[in-house]
Amino acid sequence: MDDIFESELKKATVFQDRNVLSQSYIPETLPHREKEIERMMKTLAPMLSKKIIHNLFIYGKTGTGKSSSTRHILNRLGDVREKYDASVDFIYVNCHNCNTKYQVMLKCAEYCAPGKPFIGYPFSHLFEEVKKKVQDNDTSFLIVLDEVDKVKDIDELMYTLTRANDELDHGRISLIGITNSVGFKEQLDPRSKSTLCEEEMVFPPYNATELESILRQRGELGFKQGAIDESAINLAAALAAQESGDARYALKLILKAGQIADDLKEKRVTDSHVQIASEGVEEEIVYEIINTLPEHQKIVLYAITLLTEDGSRMSKLDGSMDEDAVLYSGEVYDKYRGLCKVYGKKARTARWCRDYLNDLDMMGLITTSISGKGIRGNTTLIQLAYPQEKVKRVLEKHFNA
Ligand SMILES: Nc1ncnc2c1ncn2[C@@H]1O[C@H](COP(=O)(O)OP(=O)(O)O)[C@@H](O)[C@H]1O
Ligand SMILES: [Mg+2]
(Lines give C-alpha, C1' and ligand atoms only; values in the text may rest on other atoms or scores of the structure.)
(Ligands and ions follow the chains in the order given, each with its own letter.)
Protein backbone atom coordinates (compact mmCIF):
# COMPACT_ATOMS: atom_id res chain seq x y z
CA MET A 1 0.00 0.00 0.00
CA ASP A 2 2.78 2.45 0.86
CA ASP A 3 4.04 1.97 -2.66
CA ILE A 4 1.07 3.79 -4.16
CA PHE A 5 2.37 7.14 -2.89
CA GLU A 6 5.94 6.35 -3.74
CA SER A 7 5.20 5.17 -7.23
CA GLU A 8 3.16 8.31 -7.83
CA LEU A 9 6.26 10.34 -7.08
CA LYS A 10 8.46 8.15 -9.23
CA LYS A 11 6.08 8.03 -12.18
CA ALA A 12 7.72 9.20 -15.34
CA THR A 13 6.12 12.27 -16.86
CA VAL A 14 6.49 14.47 -19.91
CA PHE A 15 5.55 17.54 -17.87
CA GLN A 16 7.94 19.93 -16.23
CA ASP A 17 5.25 22.25 -14.87
CA ARG A 18 1.70 21.31 -15.68
CA ASN A 19 0.40 24.53 -14.14
CA VAL A 20 1.88 26.54 -17.01
CA LEU A 21 -0.59 24.87 -19.34
CA SER A 22 -3.65 25.72 -17.27
CA GLN A 23 -6.14 28.46 -18.17
CA SER A 24 -5.36 30.66 -15.21
CA TYR A 25 -1.62 30.90 -15.86
CA ILE A 26 -0.64 34.34 -17.16
CA PRO A 27 2.47 34.16 -19.36
CA GLU A 28 5.22 36.79 -19.07
CA THR A 29 4.59 37.89 -22.64
CA LEU A 30 1.60 37.39 -24.91
CA PRO A 31 2.79 36.83 -28.47
CA HIS A 32 0.58 38.41 -31.17
CA ARG A 33 -1.18 40.66 -28.70
CA GLU A 34 1.53 43.34 -28.62
CA LYS A 35 -0.62 45.83 -30.54
CA GLU A 36 -3.69 45.28 -28.37
CA ILE A 37 -1.66 45.51 -25.17
CA GLU A 38 0.06 48.67 -26.29
CA ARG A 39 -3.24 50.29 -27.16
CA MET A 40 -4.76 49.33 -23.84
CA MET A 41 -1.76 50.65 -21.94
CA LYS A 42 -1.97 53.93 -23.83
CA THR A 43 -5.64 54.20 -22.95
CA LEU A 44 -4.96 53.59 -19.26
CA ALA A 45 -1.70 55.50 -18.84
CA PRO A 46 -3.24 58.96 -18.21
CA MET A 47 -4.73 57.52 -14.98
CA LEU A 48 -1.25 57.73 -13.52
CA SER A 49 -1.19 61.51 -13.90
CA LYS A 50 -4.76 61.89 -12.67
CA LYS A 51 -6.17 62.58 -16.10
CA ILE A 52 -9.55 61.38 -17.21
CA ILE A 53 -9.40 58.24 -19.34
CA HIS A 54 -11.94 56.71 -21.68
CA ASN A 55 -13.88 53.70 -20.53
CA LEU A 56 -12.92 50.75 -22.67
CA PHE A 57 -15.09 48.03 -24.14
CA ILE A 58 -13.33 44.90 -25.40
CA TYR A 59 -14.88 42.09 -27.37
CA GLY A 60 -13.79 39.05 -29.33
CA LYS A 61 -14.31 35.32 -29.49
CA THR A 62 -13.45 32.95 -26.66
CA GLY A 63 -9.74 32.23 -26.29
CA THR A 64 -8.48 35.32 -28.11
CA GLY A 65 -6.51 36.50 -25.09
CA LYS A 66 -8.85 39.21 -23.77
CA SER A 67 -8.72 38.16 -20.13
CA SER A 68 -5.03 37.32 -20.06
CA SER A 69 -3.98 40.50 -21.86
CA THR A 70 -6.02 42.54 -19.42
CA ARG A 71 -4.62 40.76 -16.38
CA HIS A 72 -1.15 41.13 -17.76
CA ILE A 73 -1.66 44.90 -18.01
CA LEU A 74 -3.13 45.10 -14.52
CA ASN A 75 -0.02 43.36 -13.20
CA ARG A 76 2.17 45.97 -14.89
CA LEU A 77 -0.01 48.75 -13.53
CA GLY A 78 0.33 47.23 -10.07
CA ASP A 79 4.13 47.16 -10.44
CA VAL A 80 4.26 50.82 -11.40
CA ARG A 81 1.92 51.81 -8.60
CA GLU A 82 4.18 50.03 -6.12
CA LYS A 83 7.34 51.54 -7.48
CA TYR A 84 6.13 55.15 -7.63
CA ASP A 85 3.45 55.02 -4.98
CA ALA A 86 0.95 56.30 -7.56
CA SER A 87 -2.63 56.88 -6.47
CA VAL A 88 -4.15 54.44 -8.91
CA ASP A 89 -6.05 51.37 -7.91
CA PHE A 90 -7.93 48.65 -9.73
CA ILE A 91 -10.08 45.62 -9.23
CA TYR A 92 -10.69 42.73 -11.61
CA VAL A 93 -14.16 41.25 -11.33
CA ASN A 94 -15.22 38.14 -13.22
CA CYS A 95 -18.94 38.67 -13.66
CA HIS A 96 -19.44 35.00 -14.29
CA ASN A 97 -19.29 34.69 -10.53
CA CYS A 98 -20.65 38.16 -9.71
CA ASN A 99 -23.65 38.47 -11.99
CA THR A 100 -25.66 41.27 -10.37
CA LYS A 101 -24.87 44.91 -9.64
CA TYR A 102 -25.03 44.04 -5.95
CA GLN A 103 -22.42 41.30 -6.27
CA VAL A 104 -20.13 43.54 -8.30
CA MET A 105 -20.43 46.40 -5.83
CA LEU A 106 -19.93 44.00 -2.92
CA LYS A 107 -16.64 42.88 -4.49
CA CYS A 108 -15.58 46.50 -4.92
CA ALA A 109 -16.57 47.50 -1.37
CA GLU A 110 -14.77 44.52 0.13
CA TYR A 111 -11.72 45.50 -1.83
CA CYS A 112 -11.92 49.16 -0.77
CA ALA A 113 -12.46 48.40 2.91
CA PRO A 114 -10.88 45.02 3.59
CA GLY A 115 -12.13 43.24 6.68
CA LYS A 116 -15.32 45.29 7.04
CA PRO A 117 -18.47 43.16 6.99
CA PHE A 118 -20.74 44.10 4.09
CA ILE A 119 -22.97 41.16 3.39
CA GLY A 120 -26.60 42.06 4.01
CA TYR A 121 -26.03 45.81 3.69
CA PRO A 122 -27.97 47.65 1.01
CA PHE A 123 -26.45 48.45 -2.34
CA SER A 124 -26.27 52.17 -1.58
CA HIS A 125 -24.14 51.49 1.49
CA LEU A 126 -21.63 49.50 -0.57
CA PHE A 127 -21.54 52.22 -3.18
CA GLU A 128 -20.88 54.91 -0.56
CA GLU A 129 -17.97 52.90 0.78
CA VAL A 130 -16.37 52.67 -2.66
CA LYS A 131 -16.86 56.38 -3.31
CA LYS A 132 -15.45 57.27 0.09
CA LYS A 133 -12.27 55.35 -0.58
CA VAL A 134 -11.83 56.91 -4.02
CA GLN A 135 -12.57 60.40 -2.74
CA ASP A 136 -10.47 60.26 0.44
CA ASN A 137 -7.38 59.03 -1.38
CA ASP A 138 -7.99 60.98 -4.57
CA THR A 139 -7.61 57.69 -6.43
CA SER A 140 -8.03 56.82 -10.10
CA PHE A 141 -9.96 53.62 -9.58
CA LEU A 142 -10.31 51.18 -12.46
CA ILE A 143 -13.01 48.53 -12.34
CA VAL A 144 -12.53 45.70 -14.83
CA LEU A 145 -15.72 43.77 -15.53
CA ASP A 146 -14.77 40.58 -17.35
CA GLU A 147 -17.67 38.70 -18.95
CA VAL A 148 -19.70 41.84 -18.34
CA ASP A 149 -22.62 40.43 -20.38
CA LYS A 150 -23.34 38.12 -17.43
CA VAL A 151 -24.46 41.02 -15.20
CA LYS A 152 -28.24 40.83 -15.18
CA ASP A 153 -28.95 44.44 -14.21
CA ILE A 154 -26.04 45.93 -16.15
CA ASP A 155 -27.87 49.12 -17.13
CA GLU A 156 -28.48 49.99 -13.50
CA LEU A 157 -24.88 49.27 -12.60
CA MET A 158 -23.68 51.51 -15.44
CA TYR A 159 -26.02 54.23 -14.30
CA THR A 160 -24.67 54.08 -10.75
CA LEU A 161 -21.06 54.13 -11.85
CA THR A 162 -21.61 57.08 -14.21
CA ARG A 163 -23.32 58.99 -11.45
CA ALA A 164 -20.40 58.28 -9.13
CA ASN A 165 -18.09 60.53 -11.10
CA ASP A 166 -20.55 63.42 -10.92
CA GLU A 167 -20.68 63.07 -7.17
CA LEU A 168 -16.94 62.78 -6.57
CA ASP A 169 -14.91 65.92 -5.88
CA HIS A 170 -11.66 63.99 -5.98
CA GLY A 171 -10.65 60.81 -7.68
CA ARG A 172 -12.42 59.04 -10.47
CA ILE A 173 -13.88 55.66 -11.37
CA SER A 174 -13.12 54.20 -14.81
CA LEU A 175 -14.25 51.00 -16.45
CA ILE A 176 -13.12 48.21 -18.71
CA GLY A 177 -15.86 45.87 -19.89
CA ILE A 178 -14.95 42.60 -21.60
CA THR A 179 -17.27 40.21 -23.43
CA ASN A 180 -17.44 37.31 -25.91
CA SER A 181 -20.90 38.37 -26.93
CA VAL A 182 -21.32 40.49 -30.07
CA GLY A 183 -24.97 41.14 -29.42
CA PHE A 184 -24.32 42.49 -25.92
CA LYS A 185 -23.54 46.07 -26.87
CA GLU A 186 -26.78 46.42 -28.78
CA GLN A 187 -28.77 45.15 -25.83
CA LEU A 188 -27.47 47.93 -23.59
CA ASP A 189 -29.59 50.94 -23.00
CA PRO A 190 -28.22 53.87 -25.03
CA ARG A 191 -27.00 55.67 -21.96
CA SER A 192 -25.02 52.71 -20.58
CA LYS A 193 -23.72 52.03 -24.05
CA SER A 194 -22.24 55.49 -24.34
CA THR A 195 -20.75 55.18 -20.85
CA LEU A 196 -19.14 51.79 -21.31
CA CYS A 197 -18.18 51.98 -24.95
CA GLU A 198 -16.32 55.29 -25.07
CA GLU A 199 -13.51 53.39 -26.68
CA GLU A 200 -13.72 49.94 -28.26
CA MET A 201 -11.32 47.18 -29.14
CA VAL A 202 -11.81 43.90 -30.96
CA PHE A 203 -9.55 40.93 -30.31
CA PRO A 204 -9.38 38.93 -33.56
CA PRO A 205 -9.09 35.11 -33.54
CA TYR A 206 -5.61 33.61 -33.88
CA ASN A 207 -4.54 31.84 -37.05
CA ALA A 208 -2.62 28.55 -37.04
CA THR A 209 0.83 30.19 -37.19
CA GLU A 210 0.03 32.46 -34.26
CA LEU A 211 -1.30 29.56 -32.25
CA GLU A 212 1.92 27.64 -32.97
CA SER A 213 4.04 30.31 -31.35
CA ILE A 214 1.69 30.56 -28.38
CA LEU A 215 1.87 26.80 -27.91
CA ARG A 216 5.63 26.73 -28.37
CA GLN A 217 6.07 29.35 -25.64
CA ARG A 218 3.93 27.41 -23.19
CA GLY A 219 5.27 24.05 -24.32
CA GLU A 220 8.82 25.06 -23.48
CA LEU A 221 7.85 25.89 -19.91
CA GLY A 222 5.23 23.21 -19.41
CA PHE A 223 7.01 20.19 -20.86
CA LYS A 224 10.42 18.70 -20.19
CA GLN A 225 12.99 19.51 -22.81
CA GLY A 226 12.33 17.57 -25.99
CA ALA A 227 9.22 15.94 -24.52
CA ILE A 228 6.83 17.36 -27.09
CA ASP A 229 7.27 16.94 -30.84
CA GLU A 230 7.19 19.94 -33.10
CA SER A 231 4.60 18.12 -35.20
CA ALA A 232 2.38 17.65 -32.13
CA ILE A 233 2.42 21.41 -31.54
CA ASN A 234 1.69 22.11 -35.19
CA LEU A 235 -1.22 19.72 -35.26
CA ALA A 236 -2.72 21.16 -32.08
CA ALA A 237 -2.40 24.66 -33.54
CA ALA A 238 -4.00 23.60 -36.82
CA LEU A 239 -6.92 21.91 -35.06
CA ALA A 240 -7.50 24.93 -32.83
CA ALA A 241 -7.30 27.30 -35.80
CA GLN A 242 -10.10 25.31 -37.41
CA GLU A 243 -12.08 25.63 -34.19
CA SER A 244 -12.36 29.41 -34.46
CA GLY A 245 -8.78 30.32 -33.43
CA ASP A 246 -9.25 29.65 -29.75
CA ALA A 247 -5.96 29.55 -27.76
CA ARG A 248 -7.70 27.99 -24.79
CA TYR A 249 -8.69 25.04 -26.92
CA ALA A 250 -5.15 24.72 -28.27
CA LEU A 251 -3.68 24.68 -24.77
CA LYS A 252 -6.19 22.12 -23.58
CA LEU A 253 -5.20 19.93 -26.50
CA ILE A 254 -1.52 19.79 -25.61
CA LEU A 255 -2.24 19.38 -21.90
CA LYS A 256 -4.53 16.44 -22.63
CA ALA A 257 -2.05 15.01 -25.13
CA GLY A 258 0.61 15.11 -22.42
CA GLN A 259 -1.63 13.28 -20.00
CA ILE A 260 -2.31 10.63 -22.62
CA ALA A 261 1.42 10.19 -23.27
CA ASP A 262 1.96 9.79 -19.51
CA ASP A 263 -0.83 7.22 -19.26
CA LEU A 264 0.72 5.27 -22.12
CA LYS A 265 4.11 5.57 -20.37
CA GLU A 266 5.64 7.25 -23.39
CA LYS A 267 8.46 9.72 -23.10
CA ARG A 268 7.36 12.08 -25.84
CA VAL A 269 4.13 13.69 -26.89
CA THR A 270 3.46 13.03 -30.58
CA ASP A 271 0.77 14.10 -33.00
CA SER A 272 -1.09 10.85 -32.48
CA HIS A 273 -1.56 11.81 -28.80
CA VAL A 274 -2.91 15.17 -29.94
CA GLN A 275 -5.27 13.39 -32.29
CA ILE A 276 -6.65 11.26 -29.45
CA ALA A 277 -6.85 14.30 -27.19
CA SER A 278 -8.86 16.27 -29.72
CA GLU A 279 -11.79 13.86 -29.38
CA GLY A 280 -12.12 14.38 -25.65
CA VAL A 281 -11.33 18.09 -25.56
CA GLU A 282 -13.99 18.88 -28.08
CA GLU A 283 -16.63 17.17 -26.00
CA GLU A 284 -15.44 18.87 -22.82
CA ILE A 285 -15.52 22.32 -24.38
CA VAL A 286 -18.95 21.81 -25.93
CA TYR A 287 -20.18 20.67 -22.55
CA GLU A 288 -18.74 23.67 -20.71
CA ILE A 289 -20.10 26.24 -23.14
CA ILE A 290 -23.53 24.73 -23.41
CA ASN A 291 -23.96 24.46 -19.69
CA THR A 292 -23.49 28.17 -19.21
CA LEU A 293 -26.16 29.08 -21.79
CA PRO A 294 -29.43 30.50 -20.49
CA GLU A 295 -32.64 28.55 -21.18
CA HIS A 296 -33.82 30.19 -24.41
CA GLN A 297 -30.34 30.13 -25.87
CA LYS A 298 -30.23 26.40 -25.22
CA ILE A 299 -33.53 26.01 -27.06
CA VAL A 300 -32.19 27.90 -30.11
CA LEU A 301 -29.15 25.65 -30.19
CA TYR A 302 -31.32 22.58 -29.77
CA ALA A 303 -33.43 23.74 -32.73
CA ILE A 304 -30.26 24.02 -34.84
CA THR A 305 -29.13 20.58 -33.72
CA LEU A 306 -32.43 18.91 -34.61
CA LEU A 307 -32.62 20.66 -37.98
CA THR A 308 -29.06 19.62 -38.76
CA GLU A 309 -30.00 16.04 -38.06
CA ASP A 310 -33.02 16.12 -40.39
CA GLY A 311 -31.31 18.18 -43.07
CA SER A 312 -32.49 21.66 -43.91
CA ARG A 313 -35.98 21.91 -45.37
CA MET A 314 -35.02 25.01 -47.33
CA SER A 315 -31.88 23.61 -48.87
CA LYS A 316 -33.81 20.48 -49.84
CA LEU A 317 -36.30 22.71 -51.63
CA ASP A 318 -33.76 24.55 -53.72
CA GLY A 319 -31.83 21.37 -54.42
CA SER A 320 -28.59 22.62 -52.87
CA MET A 321 -28.55 19.88 -50.22
CA ASP A 322 -25.06 18.62 -49.38
CA GLU A 323 -23.50 16.70 -46.54
CA ASP A 324 -22.72 19.84 -44.48
CA ALA A 325 -26.23 20.90 -43.62
CA VAL A 326 -26.59 24.67 -43.94
CA LEU A 327 -29.64 26.15 -42.24
CA TYR A 328 -31.53 29.37 -42.77
CA SER A 329 -32.20 31.71 -39.87
CA GLY A 330 -35.93 31.66 -40.65
CA GLU A 331 -36.30 27.92 -40.28
CA VAL A 332 -34.23 28.00 -37.09
CA TYR A 333 -36.64 30.54 -35.66
CA ASP A 334 -39.67 28.44 -36.66
CA LYS A 335 -38.19 25.37 -35.05
CA TYR A 336 -37.30 27.36 -31.94
CA ARG A 337 -40.91 28.54 -31.64
CA GLY A 338 -42.12 24.98 -32.02
CA LEU A 339 -39.80 23.78 -29.27
CA CYS A 340 -40.92 26.61 -26.98
CA LYS A 341 -44.47 25.29 -27.34
CA VAL A 342 -43.32 21.78 -26.47
CA TYR A 343 -41.53 23.01 -23.34
CA GLY A 344 -44.30 25.43 -22.36
CA LYS A 345 -42.11 28.55 -22.75
CA LYS A 346 -43.10 31.86 -24.26
CA ALA A 347 -41.04 32.32 -27.44
CA ARG A 348 -38.95 35.46 -27.85
CA THR A 349 -38.96 37.60 -30.98
CA ALA A 350 -37.33 36.79 -34.31
CA ARG A 351 -35.13 39.84 -33.82
CA TRP A 352 -33.84 38.45 -30.52
CA CYS A 353 -33.18 35.12 -32.19
CA ARG A 354 -31.12 36.75 -34.95
CA ASP A 355 -29.00 38.63 -32.39
CA TYR A 356 -28.61 35.47 -30.48
CA LEU A 357 -27.29 33.56 -33.49
CA ASN A 358 -24.40 36.06 -33.57
CA ASP A 359 -23.59 35.19 -29.97
CA LEU A 360 -23.56 31.48 -30.69
CA ASP A 361 -21.16 32.28 -33.50
CA MET A 362 -18.89 34.26 -31.18
CA MET A 363 -18.83 31.37 -28.74
CA GLY A 364 -17.75 29.15 -31.60
CA LEU A 365 -20.77 26.85 -31.36
CA ILE A 366 -22.02 27.69 -34.85
CA THR A 367 -20.65 29.47 -37.89
CA THR A 368 -22.84 31.96 -39.70
CA SER A 369 -22.52 33.63 -43.07
CA ILE A 370 -24.74 35.83 -45.16
CA SER A 371 -26.21 34.10 -48.20
CA GLY A 372 -24.80 35.22 -51.51
CA LYS A 373 -26.61 35.86 -54.76
CA GLY A 374 -29.12 33.29 -55.89
CA ILE A 375 -30.41 32.47 -52.45
CA ARG A 376 -33.30 34.58 -51.25
CA GLY A 377 -32.04 38.02 -50.27
CA ASN A 378 -29.74 38.44 -47.30
CA THR A 379 -30.49 35.40 -45.22
CA THR A 380 -28.14 34.26 -42.48
CA LEU A 381 -26.82 30.78 -43.18
CA ILE A 382 -26.04 28.64 -40.18
CA GLN A 383 -23.88 25.61 -39.58
CA LEU A 384 -23.08 23.75 -36.39
CA ALA A 385 -19.38 24.08 -35.58
CA TYR A 386 -19.18 20.82 -33.60
CA PRO A 387 -20.34 17.33 -34.49
CA GLN A 388 -24.12 17.21 -34.31
CA GLU A 389 -24.29 14.05 -32.16
CA LYS A 390 -22.06 15.59 -29.48
CA VAL A 391 -24.02 18.80 -29.17
CA LYS A 392 -27.28 16.89 -29.16
CA ARG A 393 -26.07 14.53 -26.44
CA VAL A 394 -25.16 17.43 -24.14
CA LEU A 395 -28.43 19.29 -24.78
CA GLU A 396 -30.59 16.23 -24.33
CA LYS A 397 -29.11 15.65 -20.91
CA HIS A 398 -30.46 19.08 -20.08
CA PHE A 399 -33.90 18.89 -21.68
CA ASN A 400 -34.71 15.38 -20.58
CA ALA A 401 -33.54 15.87 -17.00
N1 LIG B 1 -1.26 35.75 -27.12
C2 LIG B 1 -1.22 34.78 -26.22
N3 LIG B 1 -0.05 34.30 -25.78
C4 LIG B 1 0.02 33.33 -24.87
N5 LIG B 1 -1.06 32.73 -24.34
C6 LIG B 1 -2.29 33.16 -24.74
C7 LIG B 1 -2.42 34.20 -25.70
N8 LIG B 1 -3.73 34.42 -25.92
C9 LIG B 1 -4.39 33.55 -25.14
N10 LIG B 1 -3.53 32.79 -24.43
C11 LIG B 1 -3.88 31.72 -23.51
O12 LIG B 1 -5.08 31.12 -23.93
C13 LIG B 1 -5.99 30.93 -22.86
C14 LIG B 1 -7.27 31.68 -23.11
O15 LIG B 1 -7.02 33.07 -23.12
P16 LIG B 1 -8.00 34.13 -22.45
O17 LIG B 1 -7.24 35.36 -22.21
O18 LIG B 1 -8.68 33.49 -21.28
O19 LIG B 1 -9.04 34.34 -23.63
P20 LIG B 1 -10.42 35.13 -23.62
O21 LIG B 1 -10.53 35.89 -22.35
O22 LIG B 1 -10.36 35.98 -24.84
O23 LIG B 1 -11.47 34.05 -23.75
C24 LIG B 1 -5.25 31.35 -21.62
O25 LIG B 1 -4.67 30.23 -21.02
C26 LIG B 1 -4.17 32.28 -22.14
O27 LIG B 1 -3.03 32.25 -21.32
MG1 LIG C 1 -12.02 35.67 -20.85
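Here are some notes:
- Residues (surrounded by 17 or more Cβ atoms within 10 Å (Cβ to Cβ) and either within 14 Å of ligand 1 (Cβ to nearest atom) or not polar (S, T, N, Q) (or both)) located in the range 32-49: HIS32, ARG33, GLU36, ILE37, MET40, LEU44, MET47
Quick grid of which residues meet (1) in contact with a Phe, Trp or Tyr (Cβ under 7 Å, 6 or more places away or on another chain); (2) in a helix (DSSP H, G or I); (3) under 19 Å from LEU365 (Cα atoms):
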position: MET201; (1), (2), (3): no, no, no
position: PRO205; (1), (2), (3): no, no, yes
position: LEU215; (1), (2), (3): no, yes, no
position: ARG248; (1), (2), (3): no, yes, yes
position: LEU253; (1), (2), (3): no, yes, yes
position: ILE276; (1), (2), (3): no, yes, no
position: GLU282; (1), (2), (3): yes, yes, yes
position: GLU288; (1), (2), (3): no, yes, yes
position: LYS298; (1), (2), (3): no, yes, yes
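- Selected residue (criterion: surrounded by the most Cβ atoms within 10 Å (Cβ to Cβ)) from residues of the range 50-75 that are at positive phi and within 10 Å of ligand 2 (Cβ to nearest atom): GLY63
- Residue match in the range 166-173 (condition: crowded, with 19+ Cβ neighbours inside 10 Å and either closer than 22 Å to ARG248 by Cβ or within 16 Å of ligand 2 (Cβ to nearest atom) (or both)): no
- Within the range 199-222, the set of residues being surrounded by fewer than 16 Cβ atoms within 10 Å (Cβ to Cβ) and of a type in the set (Gly, Ala, Ser) comprises SER213 only.
- Evaluating GLU266 against the criteria (1) more than 27 Å from GLY344 (Cβ to Cβ); (2) more than 16 Å from the chain's Cα centre (by Cα); (3) in a helix (DSSP H, G or I) leaves one unmet condition, (3).
- Some residue of the range 52-59 being touching a residue at least 24 places away in the same chain (Cβ under 8 Å), outside any loop (DSSP other than H, G, I, E, B), more than 16 Å from ligand 1 (Cβ to nearest atom) and closer than 20 Å to LEU30 by Cα: no
- Residue in the range 76-87 that is under 30 Å from HIS170 (Cβ atoms), in the same structural domain as SER174 (by TED's automatic domain parsing) and either within 15 Å of ligand 1 (Cβ to nearest atom) or touching a His at 6+ places or on another chain (Cβ under 8 Å) (or both) present: no
- Checking every residue in the range 3-22 against the condition of being more than 16 Å from ligand 2 (Cβ to nearest atom), assigned by TED's automatic domain parsing to the domain that holds THR195 and touching a residue at least 24 places away in the same chain (Cβ under 8 Å) gives zero matches.
- Scan of the range 60-75 for residues that are among the hydroxyl-bearing types (Ser, Thr, Tyr) and either more than 15 Å from ligand 1 (Cβ to nearest atom) or assigned to a helix (DSSP H, G or I) (or both), ordered by number: SER67, SER68, SER69, THR70
The values are calculated or read from the model by the stated rules, or taken from the named source; none is laboratory data. Everything quoted here is computed from the prediction, not taken from an experiment. Glycine gets a Cβ as well: all are built from the backbone with ideal geometry, and neighbour counts include every protein chain shown.
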